[in-house]
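The values are calculated or read from the model by the stated rules, or taken from the named source; none is laboratory data. Here the structure is a predicted model, which means the values were calculated and not measured. Virtual Cβ from ideal backbone geometry, glycine too; neighbours counted across all protein chains shown. What goes into the accessible areas is simple: the full protein's heavy atoms, side chains included, and nothing from ligands, DNA or RNA. Shrake-Rupley method; radii C 1.70, N 1.55, O 1.52, S 1.80 Å.
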Amino acid sequence: MTAAVPGPAPVTLAEVRAAAELLDGVVRRTPVLASRALSDAAGTPVLLKAENLQRAGSFKVRGAYVRMARLSEEEKSRGVVAASAGNHAQGVALAARLLGLRAVVYMPVDAALPKIAATRDYGAEVRLVGASVDEALLEARAESERTGAVLIHPFDHADVVAGQGTLALELLEQVPDVRTVLVPAGGGGLVAGIATVLAELAPQVRVVAVQTQRVPGFAESLRAGHPVAVPVKPTMADGIAVGRPGDVPFAVLQRLGVEVREVSEEDLSHALLLVAERSKLVVEPAGAAGVAALLAAPGHGDEVPFEGPVVAVLSGGNIDPLVLLRVIRHGMVAAGRYLKMRVMLDDRPGALAHLLGELAGLGGNIMHIDHTRTDVGLGLNDVWVPMQIETKGPEHCDALVSRLREVGYRVVRD
């Protein structure tokens with residue numbers, strides 16, 4: 001927990017309420033869903049605010065629409081420009097269509113194909129540039145200066161923060177006894193908006209901003225006492241891979257003393273897999289950051305890391321199916337559902353068949369298998385058999401390895 005810093009509020013509750021009036025009939029009131037699996041894991045009631053079911057697939061349309069609706073007629077005539085890895089892009093594109101504005105959106109060259117396609121389908125012109133949101137944002141700023149188009153920043157504007165904060169107004173009506181809210185954080189617009197509302201209407205609620213360890217912009221900035229840029233390392237959570245927090249969100253988090261936690265790639269993939277498998281929800285890795293923090297939080301005995309009811313905000317559900325497939329595989333490894341190992345065999349007829357019979361009897365489902373006869377240290381008649389096995393969980397993995405060793409196999413887990 002960081003120490004709160006006194007000072008005027010960058011965004012007020014009144015501004016969030018005014019934003020809610022603008023958004024009436026524009027955004028969906030997304031559901032809050034109880035999760036027994038997460039509640040059991042956390043030792044306290046856990047609910048999911050399913051903003052992945054929002055129009056355009058994420059919370060971003062809230063802030064984008066409020067910002068654009070408040071432009072003057074002269075500003076609207078010049079059109080808008082934005083930069084995004086995908087969710088803000090779709091939010092801007094949808095808002096522009098609803099308001100009848102021309103929109104140009106800069107996206108990183110490796111942005112997810114479904115996000116690019118959806119942004120174009122909403123009517124925006126998409127330009128691919130740079131390797132990160134920060135680089136795309138530089139191009140968007142330059143476009144704004146060249147053409148006069150109004151830059152719709154993904155997070156660093158009071159109207160955007162106010163729009164995102166409308167989610168908290170819904171949440172308090174849906175879960176009035178909430179005690180902890182876990183919020184994915186990249187540039188910080190969503191968590192700043194939520195924290196603004198809860199600080200006024202429910203100051204007893206603990207707000208936790210969750211970032212990826214690969215891009216800990218808020219954590220480093222709060223330690224420095226001002227926004228600083230950190231390197232943007234590759235991460236599956238592209239939606240929160242923002243190197244420098246926004247000035248407005250940073251001021252909110254610093255003023256209110258909002259806590260920041262970091263999660264690993266393994267935490268993210270494990271969370272995404274659990275949400276998909278147990279809650280039947282498709283969520284992008286960034287959108288599962290709050291769940292990842294919940295699963296990664298250490299508990300000791302009867303101690304509960306987060307007071308409940310806990311609400312994890314699922315901030316977005318826009319994910320490339322190919323990425324989803326890779327992340328699910330990664331999550332299954334992180335959850336102990338895949339076993340990677342090498343078994344040494346005598347290179348003679350029937351040896352492999354005998355090994356496979358042992359594995360079948362133990363309930364292991366072989367996903368991939370190979371033979372290696374040329375490793376340094378192998379005897380003349382030895383062969384390594386690397387394999388990947390689908391299992392029922394960590395205990396099943398241990399049982400498989402133990403049994404093979406008991407019957408005389410040399411086994412190395414990878």
What tally of residues in segment 23-41 results from selecting those that are outside any helix (DSSP H, G or I) and without any contact (Cβ under 8 Å) to a residue 12 or more places away in the chain? 2
Report whether or not Lys60 is at pLDDT 95 or above, in contact with a His (Cβ under 9 Å, 6 or more places away or on another chain) and open to solvent by 10 Å² or more (accessible area, probe 1.4 Å). yes
If I filter segment 82-99 for residues that are open to solvent by less than 10 Å² (accessible area, probe 1.4 Å), in a loop (DSSP other than H, G, I, E, B), under 17 Å from Pro154 (Cβ atoms) and not hydrophobic (A, V, I, L, M, F, W, C), do I get at least one hit? yes
I'm checking my understanding of the structure. Among residues of segment 176-206 that are open to solvent by 10 Å² or more (accessible area, probe 1.4 Å) and of a type in the set (A, V, I, L, M, F, W, C), which one is farthest from Ala19 (Cα to Cα)? Val205
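Provide a single number: the residues in segment 305-350 that are of a type outside the set (Asp, Glu), over 21 Å from His396 (Cβ atoms) and surrounded by 15 or more Cβ atoms within 10 Å (Cβ to Cβ).
Final tally of qualifying residues: 19.
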Select from segment 9-30 the residues that are among the β-branched types (Val, Ile, Thr) and under 20 Å from Gly316 (Cα atoms) and write down the one among them that is farthest from the chain's Cα centre (by Cα). Val26
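How many residues, within segment 260-274, are hydroxyl-bearing (Ser, Thr, Tyr) and crowded, with 21+ Cβ neighbours inside 10 Å? Walk me through how you get there before you give the answer.
Within segment 260-274, the first condition is being hydroxyl-bearing (Ser, Thr, Tyr), and the residues that meet it are 264, 269.
Still in the list and also crowded, with 21+ Cβ neighbours inside 10 Å: 269.
Selection size over segment 260-274: 1.
To keep it simple, each residue is scored yes or no on (1) touching a Pro at 6+ places or on another chain (Cβ under 9 Å); (2) among the hydrophobic types (A, V, I, L, M, F, W, C); (3) at pLDDT 85 or above; (4) within 21 Å of Ala118 (Cβ to Cβ).
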position: Leu281; (1), (2), (3), (4): no, yes, yes, yes
position: Ala286; (1), (2), (3), (4): yes, yes, yes, yes
position: Ala289; (1), (2), (3), (4): yes, yes, yes, no
position: Leu294; (1), (2), (3), (4): yes, yes, yes, no
position: Ala297; (1), (2), (3), (4): yes, yes, no, no
position: Gly316; (1), (2), (3), (4): yes, no, yes, yes
position: Pro321; (1), (2), (3), (4): yes, no, no, yes
position: Arg342; (1), (2), (3), (4): yes, no, no, no
